[in-house]
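S.K.: Quick one: structure below, then a few questions.
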Amino acid sequence: VTWDDLYERAAAFEASEDDVSAALNAVRGDDD
Amino acid sequence: MTEPTPARVVADADVLAADLLVGGPSRAALDHLRRHSWTTLVASDALLDDAEAVIDRLAAPSLAAGWRDRVDEWREPVDHPDGDHPGLASAYRGGAMHLLSFDDRLTSAKAGASLQGHVSLSVRHPRAFAALFDPASLYREVVGGEYPGPDRDPRE
């Protein structure tokens, strides 16, 4: 698989940097 | 422990996931590394686990699994004790001098000052890293000689 393939598949999902930060806080259990 | 060099970089899990799902500064920052085979992306399994979990939550498990396969081929693995912050521990155990993160608890001047006392580590938002990356100067420092230009396709 190439990065191009992955980016093409990822384009179907809308996410922002804030979404990513919130999801990582949830994964790491440090929502504060 | 690996001797620190400025060509060794850790992207925390937020930046790795944003490279895939958002693009923008995270992709621009990591493209600098993908374009140059003499740079190294350092990441522990725990760091990649976190990024994969973020991608799984925001997108789909199949995309997360495909991303994991690709990034596993690229990164240089590093071990650290369970419970350490995966980004910081990957950086200081893996000899990275740059840690890319959105987390202002890590990128704040205060955190930077306290980290500098222990390790030669610069914690930056990927936007700053992307803007300041100077491949010619870095090449002279870590490889030596005239910078030959990018040597890898960042989309492969």
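S.K.: If I model the protein assembly as shown as equal point scatterers sitting on the Cα atoms and use the Debye formula, what is log10 I(q)/I(0) at q = 0.13, 0.16 Å⁻¹?
M.R.: After summing over all Cα pairs, the log10 values are -0.63, -0.97.
S.K.: Chain pair B, A: how much accessible area is buried, both chains summed, with a 1.4 Å probe, in Å² to 100?
M.R.: Values: alone 8040 and 3300 Å², together 8780 Å².
Protein heavy atoms only, the B-A interface buries about 2600 Å².
S.K.: For peptide B:56-64, what's the mean number of Cβ atoms from other chains within 10 Å of each residue's Cβ? All intermediate terms of the calculation are to be shown ahead of the outcome.
M.R.: Values: counts 2, 8, 10, 6, 4, 0, 1, 5, 0.
Mean number of neighbouring Cβ atoms from other chains: 4.
S.K.: Whole percent per 10 Å bin, from 0 to the bin with the longest distance: what is P(r) over all C-alpha pairs of region B:6-100?
M.R.: 18, 54, 27, 1
S.K.: For a label point 7 Å from the Cα of B:Arg127 along Cα→C-beta, name the residues of region B:11-44 whose backbone N is under 19 Å from it.
M.R.: Of the residues in region B:11-44, B:11-32 have backbone N under 19 Å from the label point off B:Arg127.
S.K.: Taking 8 Å as the Cα distance limit and 6 or more residues as the minimum spacing, I'd like the relative contact order of chain B as a percentage.
M.R.: Working: 247 pairs, mean separation 51.9, N = 156.
Relative contact order, chain B: 33 percent.
S.K.: Normalising by the residue count of region B:1-81, find the relative contact order in percent from Cα pairs under 8 Å and 6+ residues apart.
M.R.: RCO, region B:1-81: 32 percent.
S.K.: If you don't mind, there's one more thing I want to ask. Please work out the Kirkwood hydrodynamic radius for region B:33-156, using every pair of different C-alpha atoms, and report it in angstroms with one decimal place.
M.R.: Details: mean 1/r = 0.0626 Å⁻¹.
Result for region B:33-156 stands at 16.0 Å.
S.K.: Over chain B, what percent of the accessible surface lies on carbon and sulfur atoms, probe 1.4 Å?
M.R.: Details: 3300 of 6860 Å².
The value for chain B is 48 percent carbon and sulfur by accessible area.
The values are calculated or read from the model by the stated rules, or taken from the named source; none is laboratory data. Here the structure is a predicted model, which means the values were calculated and not measured. Backbone-built Cβ (ideal geometry, glycine too); neighbour counts: all protein chains shown. Keep in mind that these areas ignore ligands, DNA and RNA; they rest on the heavy atoms of the full protein, side chains included. Shrake-Rupley method; radii C 1.70, N 1.55, O 1.52, S 1.80 Å.
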